[in-house]
1. Of all residues in the stretch 207-228, which are in a loop (DSSP other than H, G, I, E, B) and either in contact with a Gly (Cβ under 6 Å, 6 or more places away or on another chain) or modelled with pLDDT under 85 (or both)?
2. Quick one: would you say Ile93 is in the same structural domain as Leu153 (by TED's automatic domain parsing), within 25 Å of Leu147 (Cβ to Cβ) and surrounded by 15 or more Cβ atoms within 10 Å (Cβ to Cβ)?
3. Going by what's in this entry, would Leu141 be described as modelled with pLDDT of 90 or more and among the aliphatic types (A, V, I, L, M)?
4. Can you find even one residue in the stretch 249-257 that is touching a Pro at 6+ places or on another chain (Cβ under 8 Å), at pLDDT 85 or above and under 30 Å from Ala173 (Cβ atoms)?
5. Criterion first (outside any loop (DSSP other than H, G, I, E, B), on the phi < 0 side of the Ramachandran plot and touching a Phe, Trp or Tyr at 6+ places or on another chain (Cβ under 8 Å)) does Ala371 satisfy it?
6. What pairs come out if I take residues in the stretch 47-70 that are surrounded by 13 or more Cβ atoms within 10 Å (Cβ to Cβ) and pair them with residues that are small (Gly, Ala, Ser) whose C-beta lies under 7 Å away, six or more apart or interchain?
7. For the stretch 166-191, which residues satisfy the criterion of being among the polar types (S, T, N, Q) and at pLDDT below 90?
8. Six or more apart or on different chains, Cβ atoms under 6 Å: show the pairs whose first residue is in the stretch 81-96 and farther than 11 Å from Thr109 by Cβ and without any contact (Cβ under 8 Å) to a residue 60 or more places away in the chain and whose second is among the polar types (S, T, N, Q) and buried (at least 16 other Cβ atoms within 10 Å of the Cβ).
Amino acid sequence: MSSALPRRLPRKSILKSQRPLISPRTLALSLSITDRFPLELFRIIIDWLYTSNDRHALNACALVCRAWLPLCRVHYTPRMTVSPANASEFLDITSSPHLTIASTVTQLTLQKQETMVDHFFIVNSSSPPSPCTQFSLGHLLSSAQPLASITKLTLQKGYGETREIAPHLHAFAQLQDLELRSFEFTSFSDLTAVIASQAQLRRLSLTDIAWRDWGLPSALADRTHRLPPGLRHLEVFMEHSAGLFQWMLAEFRAQPLEFVQLGGIMEVEDAIAVSRFLRGLGSVLKHLRLYSPSRISQVNLVHNTGLESLIISHLHMHDSKDPGNSHHHNRTDEVCTILSQLCSPSLCSISLQLLLTDPESFSTIDWQDVARILSLPRYRNLKSFEFRIPGLKRSMVGMILKNIPDAAEKGILSVVKG
């Protein structure tokens, strides 16, 4: 009978009790140590929190002390939007003696209506929306005067407004960018008073603007309201804009207007007024954007000899042989018409978006004539020529590249869908 071998005991390391790991406690440094650190070191850490998208930690750092507050606040969007829902909170902030955002907020938006109102209803209806009496833009602008660093102001969804808001704009000494959206004034003079209220304005954007008297503006004879002399950037997207352009053309005095975006040119008189306005700008105009130009044939660009870039979108192409389309019967090739008008030797970028009403309308463009025009000396500095066509087909791309080989070989021609 064999005796059993002695059983080997497990290794001592295995018999040790498995204690849970305890993370070391983080202790805050004393003030005697932290006072030795320069603010530049804290700035680096706070900037790293921003790049890491740690908003919770960034908010906590903003509450540490007054010295850290401006370091954290620079990473927040300097924009405020005020509507009837938060107007009372906005008034509490601006009237507080402990206001700390006066030098931080640079963009302010005042939205008078909560609901969306169709602009076509404002223009064509005899009973426009009633003004919101509990939300006065004049009172809000007056209360916002402590925000002395405002450079961009947006006023939208105001109906039945008057020139009473114009004096409040004088308080914003750094205001350079003014936007008016979905706005209805009681008269055209009220609109011109607001436009002329800030002399140092550099950008003006007017979208869906209306006034109650759509006749010839009486303000055309009023010389008290003038365009800001330093205006560089103009955007107008509205119907019945002929009176506005007539007023601006009458007030034109060597205006350094370099960037113009226009949309909503629906009526013949609007297109004629726009053409005269662009002619008045002459060689000063550098960048032009035209959107939905259904009356592009009335717009002449031959006088804009300093143009550097041109974008035209929603350029409708129709089949001239379509007997059912009497409005566009015997219509000329608008692509060639536009290119033949351009006389600027500084032109370096062109983008045309073509909307084809039917498959046959693509063949109405004389692509060989397009190639001939592009070979002229005035296009020698052209760096980019883009065609954007919704519903683009491969056959269309092949036809364009085949008929404009020089631009394709230089790498400046592109045909994209969109």
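The values are calculated or read from the model by the stated rules, or taken from the named source; none is laboratory data. The structure displayed is predicted, hence computed values, not measured ones. Cβ coordinates were reconstructed from backbone atoms using ideal geometry, including for glycine residues, and neighbour counts include every protein chain displayed.
1. Arg212, Asp213, Trp214, Gly215, Leu216, Pro217, Asp222, Arg223, Thr224, His225, Arg226, listed by residue number.
2. Spelling it out, Ile93 is indeed in the same structural domain as Leu153 (by TED's automatic domain parsing), within 25 Å of Leu147 (Cβ to Cβ) and surrounded by 15 or more Cβ atoms within 10 Å (Cβ to Cβ).
3. For Leu141, the condition - modelled with pLDDT of 90 or more and among the aliphatic types (A, V, I, L, M) - is met.
4. The answer is no, given that none of the residues of the stretch 249-257 is touching a Pro at 6+ places or on another chain (Cβ under 8 Å), at pLDDT 85 or above and under 30 Å from Ala173 (Cβ atoms).
5. No: the conditions fail for Ala371.
6. Cβ pairs passing all conditions: Leu49/Ala57; Trp68/Ala62; Leu69/Ala62.
7. Ser182, Thr186, Ser187, Ser189
8. Within 6 Å, the pairs are Leu91/Ser143; Thr94/Ser143.
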